[in-house]
Amino acid sequence: MKTMLSMLSLSMLFVSLLSGCGFKDMDKRFIVKAVGIDKTNDQDNPLRVSLKLAIPSSQIKPGQTNTFQIVSDDAPTITEAVRHLKSKVDKELDFSQSKIIIFGKKLAEERLNNETIDWFLRKREIQGMTFMALGDPSAEQIIKIKPKSERLPGDSLFLSFDQEGTESSFIVTEYLFDFHRRLSEKGLDPYLPVIRPLNDMYLIDQVAVFDKEKVKDILNPEETRVFNELSKKISKFEIETRTDTVQFALSVSKFGYTYTIDDSKTTSPVLSMHMKMRGQAAESSQSFNYSKWSLYEQEAEKEAASRYEKVLMKLQSIGVDPLGLGLRYRATRHNSEKEWEQWLALYPLLRFHIEVNINLLGSGGIK
């Protein structure tokens, strides 16, 4: 009996020792809130990895408890950089709360492909729903920003991208899983929102479009807003109409579109897009006359069609397809591998026919 009890005690002791080896208490871990990857000028150590480490506090107050520590290291790979960063801190690095990955503009202009993000895909703690962005001028500079309204480190970026805080038609959201898919999917190219520093705040009103290897161009704020409308079909945005007869801003509350690609004439393929919008006037330089209601709608329809066509043509001229037009073409054809070759030949020749139907619901609160 005593022998059995002794063996049971020893077994319990071994189990407790084994479980203790794989687990560390919270006070022995650093929570990594954001990861920044930049390109250096050192050929031997071309990558700079920067981590934003949250410092815990007993109370949560805006601008006071968003304390953090930035640690950086240059290395040939992300794995080597993280391994060496552990020698610069006194706690274990915990990536389970890492919600955003930021790549520097210089790195993205040279190379941002599957090889670059491989470490994040293999790291079990990092979720596929992690936000991704491009930092201009560098990722390290972005993660060092400390907004006064922030309650927790990195909280401002999380609220901006998941639309739980601000809701802006200029802010484009991208996730790690979707970016990875776009790097290999034929007919669907990657994109990333661009974060720029503005004193102690973030400015997110541009988007960078990629081919399968690197950045091809960065759209301006107005083009970014149109891109967001087309890619996400967001329902809250504004369209400004300025003509000789009328000048007003339309606040859109409902938006949707469908499109077809006609390749019956291979020398002159056409993409026909039909859009429907509903909204009311948000601002006007003149009083609205109900007898001219249809005129206001027609002028707004022309202005809207023009802005969408310009962005589609710009993406076409750059040679990228982040909206997935090519993927739609492949899905509606049944020519095996030939359909991809056909799309590559058709896309540069594609003409865009945009038809917009606007239903103006009212002139706002002013009668």
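The values are calculated or read from the model by the stated rules, or taken from the named source; none is laboratory data. It should be emphasised that the depicted structure is a prediction, and the values quoted were computed from it without experimental measurement. In this analysis, Cβ positions are derived from the backbone assuming ideal geometry, glycine residues included, and neighbour counts consider all displayed protein chains. Heads up: the accessible areas ignore ligands, DNA and RNA and are worked out on the full protein's heavy atoms, side chains in. Shrake-Rupley method; radii C 1.70, N 1.55, O 1.52, S 1.80 Å.
Scan the chain and hand back the longest stretch that contains none of the GluC sites (Glu not before Pro) lying in DSSP loops with at most 12 other Cβ atoms within 10 Å.
Working: sites that count: Glu115, Glu125, Glu164, Glu167, Glu337.
It works out to 168-336.
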Pairs beyond 32 Å (Cα-Cα), from Lys52/Lys232; Lys254/Lys338; Lys148/Lys216:
Lys254/Lys338; Lys148/Lys216
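Quick one: length gained pulling Lys232 to Leu344 fully straight, 0.36 nm per residue minus the C-alpha distance?
Values: separation 112, 0.36 × 112 = 40.32 nm, distance 2.42 nm.
That pair, Lys232 and Leu344, stretches by 37.9 nm at full extension.
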Using a Förster radius of 22 Å, what is the FRET efficiency between Gln69 and Glu164 based on their Cβ-Cβ separation? Nearest 0.05, please.
0.30
By DSSP, what percent of the beta bridges with both residues in the chain are antiparallel, rounded to the nearest 5?
65
Using a cut-off of 15 Å between beta-carbons, work out the net charge of the residues near Thr245 (Lys and Arg +1, Asp and Glu -1, Thr245 not included).
-3
About its Cα centre, segment 295-338 carries a charge dipole, from +1 on Lys and Arg Cβ atoms and -1 on Asp and Glu Cβ atoms, whose size in debye to the nearest 20 is 340
Based on DSSP H assignment, which helices of the chain show an axial Cα extent of at least 20 Å together with a mean Kyte-Doolittle hydropathy greater than or equal to 1.0?
2-21
With a 1.4 Å probe and every protein chain kept in, tell me what percent of the accessible surface of segment 229-349 is carbon plus sulfur.
48
Given Cβ charges of +1 for Lys and Arg and -1 for Asp and Glu, the option among Val82, Phe237, Ile102 whose Cα lies farthest towards the positive end of the dipole of the chain is Val82
If you place +1 on the Cβ of every Lys and Arg and -1 on the Cβ of every Asp and Glu, how big does the dipole about the Cα centre of the chain come out, in debye to the nearest 20?
880
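Measure off, as a whole percent, the carbon and sulfur share of the 1.4 Å-probe accessible area of segment 175-228, all protein chains present. Working shown, then result.
Details: 1000 of 2030 Å².
Looking at segment 175-228 in its full context, I get 49 percent from C and S.
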Pull out the extension gain between Asn357 and His84, defined as 0.36 nm times the separation in residues minus the alpha carbon to alpha carbon distance; nm, one decimal.
92.5 nm
Which one, Tyr347, Val311, Phe227, is farthest towards the positive end of the dipole of segment 208-367 when Lys and Arg carry +1 and Asp and Glu -1 on their Cβ?
Phe227
Excluding residues fewer than 8 places away in the same chain, name every one of the aspartates and glutamates whose C-alpha is closer than 14 Å to that of Lys105.
Asp38, Asp136, Glu140, Glu213, Asp217
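Given a Förster distance of 25 angstrom, what is the FRET efficiency for Gln97 paired with Arg181, based on the Cβ-Cβ distance and rounded to 0.05? Present the calculation step by step, with values, prior to reporting the outcome.
Details: r = 24 Å, r/R0 = 0.95.
That gives a FRET efficiency of 0.55.
Quick one: if you take sqrt(5λ) for each eigenvalue of the C-alpha gyration tensor of the chain, what semi-axes come out, biggest first, whole angstrom? Each step should come with its number before you reach the end.
Working: eigenvalues 443, 145, 81 Å².
Computed over the chain, the values are 47, 27, 20 Å.
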Label model pair Ser272, Asp211: point-to-point distance (7 angstrom along the Cα→beta-carbon line) in nm is 3.3
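With every protein chain kept in place and ligands, DNA and RNA left out, what is the accessible area per residue of the chain? Probe 1.4 Å, answer in Å².
Values: 19540 Å² over 367 residues.
So the chain comes to 53 Å² accessible per residue, rounded to a whole number.
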So how strong a dipole does segment 125-217 carry about its Cα centre when Lys and Arg Cβ are +1 and Asp and Glu Cβ are -1, to the nearest 20 debye?
180
